[in-house]
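*Asks:* Below: one structure in C-alpha cells.
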Amino acid sequence: MWKVLFQTGGSRKFSGRTEDLLNLGLVLISLYHIYIFSSGAFEIFPHRSTHLGAIMAVSFLTYSFSLKNTRRFFFIDIGLALIVLAIMVYQRVHADFLIYERVMLLPGSLTWLELFMGAFMILMVLEAGRRSMGPILGLLSILFLLHAYFGPRLGGLLQHPGYSVAQIIDFIVFTEQGLYSIPLGISSTYIIMFLIFAGLVQETGATEFYRDLALALAGRSRGGPAKVAVIGSAFIGSITGSAAANVAITGSVTIPMMKRAGFEPYFAGAVEAAASKGGHILPPVMAGTVFIMAELLGVSYWSICVAAFVPASLYFLGVFLQVHFYALKHQTKLIEKDELPRLWQTLKTGWWHFVPFIVLVGLLAWGYSPIWSALWSLPFSVFVPLAAKLVGSFFNKDARLGETVPELLKELGQILFNGLSRPVRAVRLVMLATALSGIIMGVVMGTGLGTKLMSSVSAISQDRLWVALLISAAVSFLLGLSLSMVASYILTAILIVPAAVTLGVEPLAAHLWAFYFSSLSTITPPVGATFYQAAALANSPPFKTGWAATRLAIAAFIIPVFFVYYPALLLIGSLKDTLVVITAATLSIVMLSIGLEGWLFARLSGVQRVLFILAGCLFLIIKPIVVTVNLLFIALIIFWNWRGSRTKLLKTA
C-alpha cells in the first residue's frame, strides 16, 4: 500500500459504451471552455475552479491508483471524482464571498466545512498528480507546505514568520494564489484553447498531410528518411507542441524507412527523438510553456513566438546537417521514387491544411489575443477541409452529391467528437503540473523565499554571470529529470531565473535559457521519455539511442549561450547585430555538425574533428579579430580535408 504512494498510477483504457460516455464528458468540458471565451462570461476564480475540478475528476477516472486494474473504474475513484466536482460547485456558487468579501471583512477565516474541503482539495491534487506524473512534484509541494508552516522554527535562509494550517489552506485553495494562480490560469485559458485548435486540426488529417509533404520535399535526397523525420517533426511539432506526439506520428513511418535505407537502428531512433524534441521549442505551441512565460514576463505571446522562431530554426538546422553528414559518411540508400508521394499531388490534395495556420498567425500578428485568435481559427480548422472535399466532389464524375453530403456530415461529427475529446486528455498533465507548481509558487512568494534564493545565487556566483547560468541550467535539467517540462520550467523561473536577470541578462533570454534546459531532459539519459519511445519503435538499445539523440541535439546546448550573451539572436536590437549573430550561430552549428559526424569531403581524422568542434565553439566570441582568425582557421581545415579526399580519389583511380 505505502509503496504504491511512491509510484505512478496506470493509464486506464476503455472501449465500447464506457469509452463513448467518457469521451462525451471530455467533449462537454471542451465545449464549456469554448462557450466561456466566446460568450464573454469569463470570471477568473470560478473559471479556474471549474477547469481544475472538471479535469481533476477526469484524471481520477482515467488514471488508476496503481499499475494494476487499469481496465475498470472503482467506487473510490468515482467517489473522489464526485467529491472534487462538489467542491468545484461550492467554490463557483460562493466565489464572490470567498474571493472578495471575506478578504475585506474576515481575512483568513474559514468555516469547518471550508477547512475540510480545502484540506481535501490539496490532498486530491497531490493524489491526482501522483497517479499521472509520479510522486516527485507532489513531494516537493508537500515540502514547501511544511516550509510555510514550520518557518519560525527554521533558521537562516528558510526562516520566516510562519502561517497557521487555516491560513495555508485559505491561501492555497480559496484565493487566486496557490492552486488558482497564474500557472493554472494559463492552463485554463491559452493552453486548453490551443490544444482544442490542435486537436481539431489533427482530426482533419493535417498531420498526415505534413508528413507526406516532408516525404515529397526531402525523400529523394541522400539520408532522405532521416531528413523527412526532421522536417516532418518541425511541421507536426508546430501543431502539437509535444515530443511524444511527434514520435508517435512521424516515427512510426520514418524509423522503418531509415532502417531500410541503411541507418543503424539506434541512430534512426535518435534522429526521431532529437527531431521530435524540437516540437517543444518551435512556436506557436511550445508545449504550452510559452503562455506561462508571457505571463511571467508581462509581454505579449506573439513577441515570444517571434523571438523564439530563429533559435528553433537553428536547432532543426543542426539536426538536419548532422543527418546529412551521417548519410554521406555511411552512403545510405535512396528511397525508391515510387515509394514517395509527389509534391504537386500532395499540395493539390491537401493545400487547405495551411489555411487554419495562416488565419491563426495572421490574427496574432494583427494584434488579436491568443484566445481570440484560436477561437476564430477553430471554424477554419474544421470547415475549410470539409468544404474542400465537397468542392472536389463536383469534379469527380463518379461522386454523387446526395452521397457526398451525408458522408461529410458523418465525418464532421467524428472530427468534432474526437477533436474535442483529445484536448482534455492532453491537458491533464499540464493542468496538474501547473496546479502543483502554483502551490510551490504561492509558498515561495508568500514566505519571501524567492528573494532570499535570488540573493544566495548571486552570492554563490559572486556576480559572475557564467556561474549563475550554469546553476540555472543544472537546476532546470535536474528538475526536468523527474518533473514535467512545464513544472521544471516554472520552478526554475521562480527560483533561479531572477538571479540571472539581476546580473544583466535580458529577461526573455533568461527565461528561454531555463526553458531550453528544462526540455533537454526529454532526450538525455537516464530518464528521457522521448528517446525511450523512439528506441522502442526502432528496436534499439535505449541508452545508446539517448546518447546519440543528445549528440544530435547539440544545438540546444549552444543556442542558449548565443542568445544570453547576444540577445540580437532573439531579434532584440539592431538589424545589423541580428544578422551578425545569426550568421555566427549558423556557422557555429555547421562546424559542430561536421566535427561531430566526422565528414565533409571525406572522412575526417580525429584531429580534424576536434579542430572543427573547436572552430564551432570559437564563434561564441563575436569579436572581429577572433571571427577573422577563426574563418581563416576553418578555411585551412576545409582545404586539408578536400586535399585528402582528392588524394584518396586519385589513388583509387
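The values are calculated or read from the model by the stated rules, or taken from the named source; none is laboratory data. This structure is a prediction, so every number in the text was calculated from the model and none was measured. Cβ sites come from the backbone with ideal geometry, for glycine too, and all protein chains shown count toward neighbours.
*Asks:* Look through the stretch 168-188, keep the residues that are in contact with a His (Cβ under 8 Å, 6 or more places away or on another chain) and hydroxyl-bearing (S, T, Y), and return whichever of them is surrounded by the fewest Cβ atoms within 10 Å (Cβ to Cβ).
*Replies:* S188
*Asks:* Next question. Just checking: which of the helices (runs of 4 or more DSSP H) contained wholly in the stretch 1-118 hold 2 or more residues that are over 19 Å from S421 (Cβ atoms) and modelled with pLDDT of 85 or more?
*Replies:* 44-62, 75-93
Yes or no, residue by residue, for (1) closer than 25 Å to G438 by Cβ; (2) of a type outside the set (S, T, N, Q); (3) outside the structural domain of F417 (by TED's automatic domain parsing):
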site: F171; (1), (2), (3): yes, yes, yes
site: T175; (1), (2), (3): yes, no, yes
site: Y190; (1), (2), (3): yes, yes, no
site: I196; (1), (2), (3): yes, yes, no
site: Y210; (1), (2), (3): no, yes, no
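*Asks:* What residue, of L453, L479, L508, L512, is modelled with pLDDT under 80, part of a helix (DSSP H, G or I) and under 25 Å from the mean Cα position of the chain (by Cα)?
*Replies:* Numbers: L453 fails: under 25 Å from the mean Cα position of the chain (by Cα); L508 fails: modelled with pLDDT under 80; L512 fails: modelled with pLDDT under 80.
Just one listed residue meets the conditions, L479.
*Asks:* Then there is this: Scan the stretch 603-648 for residues that are in contact (Cβ under 8 Å) with a residue 40 or more places away in the chain, farther than 21 Å from L569 by Cα and β-branched (V, I, T) and report the count.
*Replies:* Number of matching residues: 1.
*Asks:* Report, by residue number, each residue of the stretch 530-553 that is under 21 Å from A585 (Cβ atoms) and more than 18 Å from the chain's Cα centre (by Cα).
*Replies:* R551, L552
*Asks:* If you don't mind, there's one more thing I want to ask. Can you find a residue that is of a type in the set (V, I, T) and surrounded by fewer than 24 Cβ atoms within 10 Å (Cβ to Cβ) anywhere in the stretch 472-487?
*Replies:* Taking the stretch 472-487 and keeping what is of a type in the set (V, I, T), we get 475, 486.
From what is left, the residues that are surrounded by fewer than 24 Cβ atoms within 10 Å (Cβ to Cβ) are 475.
Checked against the condition, which is being of a type in the set (V, I, T) and surrounded by fewer than 24 Cβ atoms within 10 Å (Cβ to Cβ), the stretch 472-487 yields at least one hit.
*Asks:* Identify, from the list G151, G162, G138, G232, the residue that is touching a helix residue (DSSP H, G or I) at 6+ places or on another chain (Cβ under 7 Å) and in the same structural domain as L378 (by TED's automatic domain parsing).
*Replies:* So the residue among G151, G162, G138, G232 that is touching a helix residue (DSSP H, G or I) at 6+ places or on another chain (Cβ under 7 Å) and in the same structural domain as L378 (by TED's automatic domain parsing) is G232.
*Asks:* If L479 satisfies all but one of (1) over 30 Å from A535 (Cβ atoms); (2) without any contact (Cβ under 8 Å) to a residue 60 or more places away in the chain; (3) among the aliphatic types (A, V, I, L, M), what's the number of the condition it fails?
*Replies:* All conditions are met except number (1).
*Asks:* Contact list please: Cβ distance under 8 Å, first residue in the stretch 72-95 and in the same structural domain as M124 (by TED's automatic domain parsing) and crowded, with 16+ Cβ neighbours inside 10 Å, second residue among the charged types (D, E, K, R) and part of a helix (DSSP H, G or I), pairs at least six apart or on different chains.
*Replies:* Pairs found: L80/E127.
*Asks:* So, in the stretch 393-408, exactly how many residues are assigned to a helix (DSSP H, G or I) and either at pLDDT below 60 or loosely packed, with under 11 Cβ neighbours inside 10 Å (or both)?
*Replies:* Summing the residues that are assigned to a helix (DSSP H, G or I) and either at pLDDT below 60 or loosely packed, with under 11 Cβ neighbours inside 10 Å (or both) in the stretch 393-408 gives 5.
*Asks:* Write out, first by first residue and then by second, each pair whose Cβ atoms fall under 9 Å of each other, whose residues are 6+ apart or on separate chains, and whose first residue, in the stretch 422-437, is surrounded by 24 or more Cβ atoms within 10 Å (Cβ to Cβ) while the second is of a type in the set (F, W, Y) and outside any helix (DSSP H, G or I).
*Replies:* none
To keep it simple, each residue is scored yes or no on (1) farther than 20 Å from S381 by Cα; (2) touching a Cys at 6+ places or on another chain (Cβ under 6 Å); (3) hydrophobic (A, V, I, L, M, F, W, C).
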| site | (1), (2), (3) |
| --- | --- |
| R153 | yes, no, no |
| G162 | yes, no, no |
| I172 | yes, no, yes |
| A198 | no, no, yes |
| T204 | no, no, no |
| G219 | yes, no, no |
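*Asks:* Of L321, L363, which residue is closer than 30 Å to G598 by Cβ and of a type outside the set (S, T, Y)? Please lay out each step first, then the result.
*Replies:* Details: L363 fails: closer than 30 Å to G598 by Cβ.
L321 is the lone residue from the list that is closer than 30 Å to G598 by Cβ and of a type outside the set (S, T, Y).
*Asks:* Tell me yes or no: at least one residue of the stretch 551-558 is in contact with a Leu (Cβ under 7 Å, 6 or more places away or on another chain) and basic (K, R).
*Replies:* yes
*Asks:* Which of the residues belonging to the stretch 200-210 are in a helix (DSSP H, G or I) and surrounded by fewer than 24 Cβ atoms within 10 Å (Cβ to Cβ)?
*Replies:* Across the stretch 200-210, the qualifying residues are Q202, E203, A206, T207, E208, F209.
*Asks:* Let me ask another. Just to be sure before I move on: is A308 touching a residue at least 40 places away in the same chain (Cβ under 8 Å) and in contact with a Pro (Cβ under 8 Å, 6 or more places away or on another chain) in the structure I sent?
*Replies:* On the way: touching a residue at least 40 places away in the same chain (Cβ under 8 Å): yes; in contact with a Pro (Cβ under 8 Å, 6 or more places away or on another chain): yes.
For A308, the condition - touching a residue at least 40 places away in the same chain (Cβ under 8 Å) and in contact with a Pro (Cβ under 8 Å, 6 or more places away or on another chain) - is met.
*Asks:* Report, by residue number, each residue of the stretch 247-266 that is at negative phi and outside any helix (DSSP H, G or I). Lay out the reasoning, then the answer.
*Replies:* At the first step, the residues of the stretch 247-266 found to be at negative phi are 247-261, 263-266.
Answer for the stretch 247-266, where residues must be at negative phi and outside any helix (DSSP H, G or I): F263, E264.
*Asks:* Within the set of pairs 6+ apart or on separate chains, which have a first residue in the stretch 346-370 that is on the phi < 0 side of the Ramachandran plot, a second that is of a type in the set (V, I, T) and surrounded by fewer than 16 Cβ atoms within 10 Å (Cβ to Cβ), and C-beta atoms under 9 Å apart?
*Replies:* Within 9 Å, the pairs are A365/V306.
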